[in-house]
1. Cβ-Cβ distance below 8 Å, separation of 6 or more or different chains: which pairs start in the stretch 25-38 with a residue that is in contact (Cβ under 8 Å) with a residue 60 or more places away in the chain and end on one that is in a strand (DSSP E or B) and small (Gly, Ala, Ser)?
2. With surrounded by 13 or more Cβ atoms within 10 Å (Cβ to Cβ), under 30 Å from SER131 (Cβ atoms) and of a type in the set (S, T, N, Q) as the only criterion, which of GLN107, GLN48, GLN70, GLN43 stands out?
3. For GLN119, only one of the following conditions fails: (1) farther than 30 Å from THR212 by Cβ; (2) free of Cβ contacts under 8 Å to residues at least 12 places away in the same chain; (3) in contact with a Ser or Thr (Cβ under 7 Å, 6 or more places away or on another chain); (4) not aliphatic (A, V, I, L, M). What is its number?
4. Take ASP243 and tell me if it is surrounded by fewer than 19 Cβ atoms within 10 Å (Cβ to Cβ), closer than 30 Å to THR147 by Cβ and either modelled with pLDDT of 95 or more or among the small types (Gly, Ala, Ser) (or both).
5. I want to confirm something. Restricting to the stretch 125-144 and keeping residues that are in a loop (DSSP other than H, G, I, E, B) and of a type in the set (Val, Ile, Thr), which single residue is surrounded by the most Cβ atoms within 10 Å (Cβ to Cβ)?
6. Residue pairs, Cβ under 6 Å, 6 or more apart or interchain, first in the stretch 215-236 and on the phi < 0 side of the Ramachandran plot and open to solvent by 70 Å² or more (accessible area, probe 1.4 Å), second among the aliphatic types (A, V, I, L, M) and part of a loop (DSSP other than H, G, I, E, B). List them.
7. Given the conditions (1) open to solvent by 50 Å² or more (accessible area, probe 1.4 Å); (2) closer than 30 Å to LYS166 by Cα, which single one is not true for SER82?
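The values are calculated or read from the model by the stated rules, or taken from the named source; none is laboratory data. Since we're looking at a predicted model, the values are computed, not measured. Cβ coordinates were reconstructed from backbone atoms using ideal geometry, including for glycine residues, and neighbour counts include every protein chain displayed. The accessibility values were calculated without ligands, DNA or RNA, using every heavy atom of the protein model including side chains. Shrake-Rupley method; radii C 1.70, N 1.55, O 1.52, S 1.80 Å.
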Amino acid sequence: NYPTCSAICTAIDCSNHASKVTWVSGTTCACTCKNQWTGNKCQTCPSQYDETNNCASCKDGYINYPTCTQCDVTAHCNGHASATTSTNHKTCTCTCTNKWTGAACDQCDAPYGGANCDQCAGGYVNYPTCSAICTAIDCSNHASKVTWVSGTTCACTCSNQWTGNKCQTCPSQYDETNDCASCKDGYINYPTCTQCDVTAHCNGHASATTSTNHKTCTCTCTNKWSGAACDQCDAPYGGANCDQCAGGYKNYPTCDPICTGALHCNGRGSAVWVK
């Protein structure tokens, strides 16, 4: 453009880092830098940006483009880390000190404790393993032996018939009020504690059965069955279910004798009756 002779401005005048290049005057070109390039010729990529990615993303150790804040032990790790960095450029990764945990090194979980998470919490000993101080209460006060396993885990050797990882359960056949050390009413023969059963213990001839001495079952016999196991049907009763009169008797359930002169009076009676 003679006689002004304006410069022919090209991308190379802006280090190939400009989105727009315009002539100003004389030999001067104006650069509109792209991404985060700076300088009059877009020649500088600030330290927080990745020059290898055309200054269009954060450099490792920085997060949240385009601000690209540097990961900091105090700001991002609560001062509880030996180092911090970022490779995804979104979150900082902390290398926690002592026994701090969590993305921001803000958690000091049991068995650890103390202001710097560098000692055992209450109930634990021997930092850094911090084994639990296992006591009877860890086993519901129902154990004959309590031992530490690992971490916060205690092993319980349950007493009597208590079960469960904390000896917290007394099975239904045992008497919880007696420390699970005897059968419950209706059960016999500790420690097996078999439930009293109408069929098994009363020959199926009872309406109910229970036990209070926990040694024998008491049967409530049906009809005219008798005996501890409801296995006797004595005269004057009879029949498969002991619910009728035996031979020589009548009028169930009283079952009176059928009297005859020949049988009961030696043939010398004028009349025979039940008295």
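1. Cβ pairs passing all conditions: none.
2. Working: GLN48 fails: under 30 Å from SER131 (Cβ atoms); GLN70 fails: under 30 Å from SER131 (Cβ atoms); GLN43 fails: under 30 Å from SER131 (Cβ atoms).
The unique qualifying residue is GLN107.
3. (3)
4. So ASP243 does not fit the description; no.
5. Filtering the stretch 125-144 down to residues in a loop (DSSP other than H, G, I, E, B) leaves 126-130, 133-135, 140-142.
From the residues that got through so far, the ones that are of a type in the set (Val, Ile, Thr) too are 129, 133, 135.
Working: THR129: 12, ILE133: 16, THR135: 12.
Among those that are in a loop (DSSP other than H, G, I, E, B) and of a type in the set (Val, Ile, Thr), it is ILE133.
6. What qualifies is ALA235/ALA246.
7. Exception for SER82: condition (2).
Here's the yes/no breakdown for (1) under 30 Å from ASP13 (Cβ atoms); (2) acidic (Asp, Glu); (3) touching a residue at least 24 places away in the same chain (Cβ under 8 Å):
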| residue | (1), (2), (3) |
| --- | --- |
| PRO46 | yes, no, no |
| CYS58 | yes, no, yes |
| TYR62 | yes, no, yes |
| THR67 | yes, no, no |
| ALA83 | no, no, no |
